[in-house]
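A.B. asks: Structure incoming, see below.
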Amino acid sequence: MKIVISATGRDIESNIDATFGRAPFFLIVDTKTKEVKVIVNKVRDRPNGVGITVGNVVANEEIDAVIATDIGPFAFKTFEQCGIRIYQGEGKINNAIRQFEEGKLSEITKATVQKYEGLKRRKRNV
């Protein structure tokens with residue numbers, strides 16, 4: 001199974017980034033082979049269209065699931081249309097992967113933040 005996780009860094013020792021579409025990196029983890037692919041988020045500073053763009057970029061990697069702390073309505077809808085399930089995780093990525101494999105993460109069934117919330121958070125943190 002391939003999962004994508006919004007990440008603050010380039011490895012599974014990093015933390016999950018709380019703002020999915022504005023995360024600096026996405027880690028695609030194959031839970032069977034433990035292979036990790038890093039995608040740099042080149043659109044994180046755009047004023048709009050980030051959720052849809054990022055959703056499509058990672059969905060094209062043939063992922064099965066997403067782990068995120070929060071997810072906005074545009075990314076959520078993109079994943080929903082692709083049949084990709086979203087799970088809520090936080091903290092260290094390696095811990096979230098383990099919890100996912102153990103079935104301990106809750107599924108996200110609707111957007112957890114309003115549109116443009118990630119942009120607002122990003123501006124506050126820059």
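Readers should treat all values here as calculations from the given coordinates under stated rules, not as data from a laboratory. Computed from a predicted model, the values in this text were never measured in an experiment. Cβ: placed from backbone, ideal geometry, glycine included. Neighbour counts: every protein chain shown.
A.B. asks: Give the order of Glu101, Glu80 when sorted by the count of other beta carbons within 10 angstrom, beginning with the fewest.
C.D. replies: So the residues, fewest neighbours to most, are Glu101, Glu80.
A.B. asks: Tell me, what ³J(HN,Hα) does each residue in the range 100-106 have, in order and in whole Hz, if you take phi through Karplus 6.51 cos²θ - 1.76 cosθ + 1.60 with θ = phi - 60° and put x for Gly and Pro?
C.D. replies: Per-residue couplings from phi come out as 4, 5, 8, x, 9, 8, 7 Hz.
A.B. asks: Give me the extension gain from Glu61 to Val36: residue separation times 0.36 nm, minus the current Cα-Cα distance, reported in nm with one decimal.
C.D. replies: On the way: separation 25, 0.36 × 25 = 9.00 nm, distance 1.21 nm.
Computed gain between Glu61 and Val36 is 7.8 nm.
A.B. asks: Oh, and also: R0 = 35 Å: FRET efficiency of Asp45 with Lys104, Cβ-based, nearest 0.05? Show your work: numbers first, answer last.
C.D. replies: Values: r = 34 Å, r/R0 = 0.97.
Between Asp45 and Lys104 the formula returns 0.55.
A.B. asks: Additional query: Could you please rank Ile108, Ile71, placing first whichever residue has the fewest other Cβ atoms within 10 Å of its Cβ?
C.D. replies: On the way: Ile108 20, Ile71 27.
So the ranking, lowest neighbour count to highest, is Ile108, Ile71.
A.B. asks: Follow-up question, since we're still on this one. Skipping prolines and chain starts, which residues have an amide H placed within reach, meaning under 5 Å, of the one on Val66, given they are 5 or more residues away or on another chain?
C.D. replies: Distant-sequence amide H within range of Val66: Val4, Arg85, Ile86, Tyr87.
A.B. asks: Taking 0.36 nm per residue of separation and subtracting the Cα-Cα distance, what length does fully extending Lys77 through Lys92 add?
C.D. replies: The Lys77-Lys92 span can extend by a further 2.8 nm.
A.B. asks: Which value, in debye to the nearest 20, gives the size of the charge dipole of the chain about its Cα centre, when Lys and Arg are +1 and Asp and Glu are -1 at the Cβ?
C.D. replies: 580
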